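The values are calculated or read from the model by the stated rules, or taken from the named source; none is laboratory data. Everything quoted here is computed from the prediction, not taken from an experiment. Please note: Cβ atoms are built from the backbone with ideal geometry, for glycine as well, and neighbour counts cover all protein chains shown.
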Amino acid sequence: MGQVTSSTQHTQHQSSSSSPASCPVDHSAFAKHSQPSSSCPVDHTSLAKHAQSSSSTTSCPVDHSSMSRASSSAPAQCPVQPETLDPRNHLPVLTQDRAPSQTIDLPTERTTSSIPRDAAGQWEYPSPQQFYNALVRKGWETPENEIETMVEIHNFLNEKPGKKFKNGRRKSTSVDEKLQLVRFKGRPGQLSPKARFWLFAGWLLPDRFNTEPPFDRHDWVVRRPSTGEEVRYVIDYYGVPPLPDGSPVFSLDVRPALDSFGSISMRVRAATREAWGKMATEATHT
């Protein structure tokens with residue numbers, strides 16, 4: 001009778017071995033060494049009650065009810081908030097403070113450009129100190145004694161597009177007014193469709209077309225104050241072989257983006273003028 005009881009309990013132990021409430025006693029060994037009247041020393045009744053009242057072993061140890069009550073007042077947010085960018089140029093506010101690793105003092109004076117920002121005045125270029133802080137922020141290692149020269153080149157390259165779209169607008173309309181640069185964005189590494197086309201042409205005919213991509217790209221949004229019309233210009237900056245004296249030379253491709261019928265019309269008129277001008281020059285030389 002005792003052996004039958006022990007055998008039955010052993011079978012139940014095998015079928016429920018994954019349960020945390022299984023009997024810890026090896027019933028098979030117990031049955032071999034016990035007398036027929038012996039029984040398991042573990043109270044299986046209380047063990048079963050404990051198994052019914054306990055939760056799964058894979059339950060989360062955190063009290064979710066209290067956690068949900070504590071967090072119900074505010075949604076979860078990322079503790080790292082993105083820095084505020086100036087919507088006009090998509091850049092953070094650059095300080096005039098020295099960088100931690102900086103070894104020499106850099107000028108903090110800013111140069112006023114010839115490019116109108118609004119009716120109140122023109123845009124200001126960053127100072128050498130602000131320019132250096134921007135390079136440090138991007139992780140670019142640049143000799144500090146070359147920063148002022150880099151700022152001069154930067155300002156020179158940004159003056160050229162202003163003159164180009166100003167001349168283009170004067171040719172396309174009889175109204176002479178100061179266009180305003182509302183906002184702009186640097187997009188280095190993002191090739192425009194036109195730049196991709198010329199790269200493909202250079203791949204096909206490397207002896208005739210440029211095979212180097214532009215080293216920089218800007219998108220400028222220009223406003224005409226009399227009508228409030230805004231036109232986006234795409235500017236690709238190319239480097240060309242330097243002059244014999246070593247002076248750097250740059251080539252800028254400035255044109256309206258194909259965002260509207262007016263911009264498309266401007267592009268067509270500009271291309272027509274350029275083609276006629278080239279034909280007239282060739283005819284003169286012949």
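Being at pLDDT below 80 and surrounded by 12 or more Cβ atoms within 10 Å (Cβ to Cβ) narrows it down to one of Ser263, Ser251, so name that one. Working first, answer last.
Details: Ser251 fails: at pLDDT below 80.
Residue meeting the stated conditions: Ser263.
Give me a count of the residues in region 225-236 that are of a type outside the set (A, V, I, L, M, F, W, C) and closer than 26 Å to Ser251 by Cα. Talk me through it step by step, then tell me what you get.
At the first step, the residues of region 225-236 found to be of a type outside the set (A, V, I, L, M, F, W, C) are 225-230, 232-233, 236.
If we keep only those that are closer than 26 Å to Ser251 by Cα as well, we get 230, 232-233, 236.
Residues in region 225-236 being of a type outside the set (A, V, I, L, M, F, W, C) and closer than 26 Å to Ser251 by Cα: 4 in total.
Of all residues in region 244-286, which are over 28 Å from Ile153 (Cα atoms), within 33 Å of the chain's Cα centre (by Cα) and in a loop (DSSP other than H, G, I, E, B)?
Across region 244-286, the qualifying residues are Leu258, Asp259, Ser260.
Would you mind finding the one in Pro126, Pro116 that is outside any strand (DSSP E or B) and either of a type in the set (Lys, Arg) or surrounded by 15 or more Cβ atoms within 10 Å (Cβ to Cβ) (or both)? Working first, answer last.
Working: Pro116 fails: outside any strand (DSSP E or B).
That would be Pro126, the only listed residue that is outside any strand (DSSP E or B) and either of a type in the set (Lys, Arg) or surrounded by 15 or more Cβ atoms within 10 Å (Cβ to Cβ) (or both).
Quick check, is Lys194 touching a residue at least 60 places away in the same chain (Cβ under 8 Å) and not in a strand (DSSP E or B)?
Details: touching a residue at least 60 places away in the same chain (Cβ under 8 Å): yes; not in a strand (DSSP E or B): yes.
Yes, satisfied.
So how many residues does region 209-231 have that are exposed (fewer than 15 other Cβ atoms within 10 Å of the Cβ) and over 29 Å from Arg183 (Cβ atoms)?
2
When you scan region 185-208, do you find a residue that is closer than 21 Å to Tyr125 by Cα, out of contact with any His (no Cβ under 8 Å at 6 or more places or on another chain), exposed (fewer than 12 other Cβ atoms within 10 Å of the Cβ) and at pLDDT below 90, even just one?
Of region 185-208, the ones closer than 21 Å to Tyr125 by Cα are 185-188.
Still in the running and out of contact with any His (no Cβ under 8 Å at 6 or more places or on another chain): 188.
If we keep only those that are exposed (fewer than 12 other Cβ atoms within 10 Å of the Cβ) too, we end up with 188.
Next cut, at pLDDT below 90 only: 188.
Yes, there is a match, as at least one residue in region 185-208 is closer than 21 Å to Tyr125 by Cα, out of contact with any His (no Cβ under 8 Å at 6 or more places or on another chain), exposed (fewer than 12 other Cβ atoms within 10 Å of the Cβ) and at pLDDT below 90.
If Ile104 satisfies all but one of (1) in contact with a Pro (Cβ under 7 Å, 6 or more places away or on another chain); (2) at pLDDT 85 or above, what's the number of the condition it fails?
(1)
Taking the residues in region 110-121 that are among the charged types (D, E, K, R) and either touching a Phe, Trp or Tyr at 6+ places or on another chain (Cβ under 9 Å) or outside the structural domain of Tyr132 (by TED's automatic domain parsing) (or both) as candidates, determine which candidate is farthest from Glu229 (Cα to Cα).
Step one: list which residues in region 110-121 are among the charged types (D, E, K, R), which gives 110, 117-118.
Checking which are either touching a Phe, Trp or Tyr at 6+ places or on another chain (Cβ under 9 Å) or outside the structural domain of Tyr132 (by TED's automatic domain parsing) (or both) leaves us with 110, 117.
Working: Arg110: 30, Arg117: 15 Å.
It comes out as Arg110.
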